[in-house]
Ligand code: FAD
C-alpha cells in the first residue's frame with residue numbers, strides 16, 4: 001500500500017492528541033485533512049504539570065499569546081528542578097535551565113572554577129547561574145538581553161488538562177474536526193495490515209490514511225491492534241507507580257519544581273496559580289501502596305483538595321514508534337517517569353519529527369526507519385539521564401537506594417560518568433535533549449566530582465582568573481534586585 005497521505009486521524013484527546021492535532025494542522029495546513037477522535041467516557045490520564053523550555057518553541061510556532069496561555073492554563077514559571085535528599089539526606093541542588101558562568105571556546109566554565117577552588121575560592125557553580133539566583137530569590141521576569149551571559153531560560157508548570165482544552169479550541173479554529181465517540185473496532189487492510197478506519201460505538205466510521213495513536217498507555221492501535229511490542233526498562237528505572245493529589249495553593253508560588261527523594265522513590269511538588277500538584281513516584285517492589293499513600297499524604301504542605309489517584313506504569317518504549325501507517329505519540333509510545341518532566345516534550349519532538357519526515361506521497365520504509373531510529377535515540381538518552389539521578393547517590397538508608405547504587409547501568413551512561421569523573425569533560429551526543437550544563441549540574445549535584453580540570457584553565461594567571469570570576473558573579477547578580485517576585489510577575493503579566 002502506498003497511497004498519498006491526505007487524511008490524518010488522531011486517536012485520543014489528551015495532551016498528546018491535542019498537541020499533535022494543533023501542530024500538524026498549523027504546519028501542514030490545507031495539505032492534510034485532520035480529524036481527532038476522543039471518548040468522553042474514557043477521559044484522559046489527568047496528570048502532567050511540569051515542562052521544559054522547548055515548550056516555548058511549541059507555543060511560538062502555534063502563535064500562542066503567552067499572557068493568555070498563562071491565564072488559561074493557570075500556569076506558573078519554572079526555572080529548574082530542586083532535587084532534595086537525592087545525593088544524601090539534607091542535601092539539595094538545583095538542576096536549572098540556565099548555564100553557569102560564561103561560555104568559553106573548548107573549555108567549560110566549571111574547569112576554571114575547579115582551578116579557582118584550588119586557590120581557596122570557595123564559591124560553587126550555582127552562584128554563577130542566573131536561573132539559580134532567581135529561583136532562590138523567588139524572582140522572575142523575561143530578560144531581554146543580547147548578551148548570552150544573562151539569559152534566563154524558563155518553562156512552565158501548568159494544568160495539562162486545561163492546556164489540552166486550550167489547544168482544542170485553537171485546533172478547531174484551524175479546521176481540525178473533533179469527533180466524540182468510543183472506538184470499538186479497528187479495520188485493517190487484509191494485505192498490508194495498514195489501518196483503514198475506526199468504527200465507533202455510535203455506528204460512525206472514521207477513515208484515514210495515517211493514524212496517530214494518542215490513546216494513552218493502552219496503545220489501542222500501536223499495541224492492541226498492531227502488536228508492536230514494548231522494550232521494558234523497569235530494571236533501570238524501577239519506579240512503576242505514582243500517586244497524584246492536588247492540594248490548596250500556597251501563599252508564595254515558587255518558580256521551580258521540587259523533587260524530594262524518599263526511601264523508595266520521590267515526591268513532586270508543583271506550584272500552579274490555583275493549586276499545588278503533588279505526587280509520589282515509587283517502586284512497588286520496595287514499598288506498599290499504603291506506605292506510599294501515607295508518605296505522600298503525610299508530606300503535603302497544604303490541604304488535599306481531591307482524592308488521591310494511583311497510576312501504574314511500566315518504563316520503556318515501543319520497539320517501533322511508527323509501525324505500518326500508525327505513529328504512536330504520547331503515553332502510547334512509551335513512558336519515562338516524570339523526574340525531568342520530559343513526556344510532553346517527547347510528544348512535541350515526535351510531532352516535529354513527523355513533520356520533517358511527513359510521507360505525503362505514501363509510506364516508505366526509509367522514512368519510517370529514520371523516524372524510529374531518531375525516536376529510539378531520544379528515548380535512550382533521556383533514560384540514561386534519569387538513571388544517573390538514581391544511580392549516582394550516596395544514599396544507602398533503604399533497600400531501594402542500595403539497589404540503585406548496585407544496579408548495572410547502560411554502557412552509554414557508564415562511559416559518560418567515567419569520562420567526567422576522570423577529566424571533567426562532557427560531550428553532547430546526537431542532539432541530546434539535555435545540554436552539557438544539565439549533565440554537569442546533575443553529576444555534581446549527585447556527588448560525582450571530577451579529579452581533574454582542562455589544562456586551558458591553567459593558561460590564565462591566578463589574578464586574572466580571580467578577577468574574571470568576580471566579574472561574572474557581579475554580572476549574574478546585577479539583575480536580581482530589579483526583578484519582581486514570581487507572584488508579582490504573574491499578577492502583572494496575566495492582566496495583560
Ligand atoms: P491520555 O491523557 O491517557 O489520553 C488518552 C486519550 O485517548 C483520551 O482522550 C481518551 O479518551 C482516548 N481514548 C483511549 N481509548 C479510546 C477509545 N477506545 N476510543 C476513543 N478514544 C479513546 N509529562 C510531563 O511532561 N510533565 C510532567 O510533569 C508529567 N507528570 C506525569 C506524572 C505521572 C504520574 C504520569 C503517569 C505522567 C506524567 N506526565 C508528565 C506524562 C503526561 O501525563 C502525558 O504525557 C500526557 O498527559 C499525555 O497523555 P496522553 O495524551 O498520551 O494520554
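Taking only Cα atoms, what is the 0 to 90° angle, nearest 10, from helix 365-391's long axis to the longest principal axis of the chain? Approximately 40 degrees, to the nearest ten. Rounded to the nearest 10 degrees, what's the angle between the helix 15-28 long axis and the longest principal axis of the chain, both from Cα atoms, 0 to 90? It works out to around 80 degrees. Summed over all non-identical Cα pairs, the Kirkwood treatment of the chain gives a radius of 23.9 Å.
Take the Cβ atoms of residue 217 and residue 120, set R0 to 51 Å, and the FRET efficiency comes out at 0.40. In the stretch 246-363, the inverse of the mean reciprocal separation of distinct Cα atoms equals 16.7 Å; this is its Kirkwood hydrodynamic radius. Full extension of the segment from residue 232 to residue 42, taken as 0.36 nm per residue of separation minus the current Cα-Cα distance, would add 65.8 nm. The mean of 1/r over all pairs of different alpha-carbon atoms in the stretch 122-224, once inverted, gives a Kirkwood hydrodynamic radius of 18.8 Å. Measuring from centroid to centroid over Cα atoms, what is the spacing of the stretch 105-157 and the stretch 302-346 in Å? Between the Cα centre of the stretch 105-157 and that of the stretch 302-346, the gap is 32 Å. The largest-to-smallest principal axis extents of the Cα set in the stretch 296-447 are 57, 49, 25 Å. The value obtained for the stretch 179-308, namely the Cα convex hull volume divided by the number of residues, is 179 Å³ per residue.
How many percent of DSSP beta bridges within the chain run antiparallel, rounded to 5?
Working: 50 of 70 bridges.
Among the beta bridges of the chain, antiparallel pairing accounts for roughly 70 percent.
For the stretch 422-496, the fraction of C-alpha pairs more than 21 angstrom apart is 60%. Highest mean packing comes first when the peptides 84-95, 452-463 are listed by Cβ atoms within 10 Å, giving 84-95, 452-463. Peptide packing for 193-202, 42-51 was compared via the average number of neighbouring C-beta atoms within 10 Å per residue; ordered from the highest value, the list is 42-51, 193-202.
Subtracting the Cα-Cα distance from 0.36 nm times the residue separation, let me have the gained length for residue 177 to residue 310 in nm, one decimal. Intermediate results must be reported in sequence, preceding the final value.
Details: separation 133, 0.36 × 133 = 47.88 nm, distance 3.27 nm.
Result: 44.6 nm gained on full extension.
Per residue, the convex hull spanned by the Cα atoms of the stretch 1-148 amounts to 249 cubic angstrom. Restricting the calculation to Cα atoms, the stretch 70-189 yields a radius of gyration followed by a Dmax of 22.0, 72 Å.
For the stretch 436-471 and the stretch 389-413, what is the separation of their C-alpha centers, rounded to whole Å? Comparing the Cα centres of the stretch 436-471 and the stretch 389-413, I get a distance of 26 Å. Percent of C-alpha pairs per 5 Å bin in the stretch 299-351, short distances first: 4, 16, 21, 19, 14, 12, 8, 4, 2, 1. Segment residue 355..residue 299, full-extension length gain: 15.8 nm, with 0.36 nm per residue of separation and the alpha-carbon distance subtracted.
Taking the Cβ-Cβ separation of residue 491 and residue 136 as r and a Förster radius of 25 Å, what is the calculated FRET efficiency to the nearest 0.05?
0.75
Take each peptide in 227-239, 151-163, 312-324, count the other Cβ atoms within 10 Å of every residue, and average; sorted highest first, the result is 151-163, 312-324, 227-239.
Between residue 473 and residue 458, the distance separating the two model label sites (each 7 Å from Cα on the Cα→Cβ line) works out to 2.5 nm.
Compared with the dominant principal axis of the Cα atoms in the chain, helix 289-298 is inclined by about 50°.
Bear in mind these aren't lab numbers, they're just calculated from the coordinates by the rules spelled out. What you are looking at is a predicted structure, and each value in this text was computed from that prediction instead of being measured. A quick note on method: Cβ atoms are made from the backbone with ideal geometry, for glycine too, and the neighbour counts reach across all protein chains shown.
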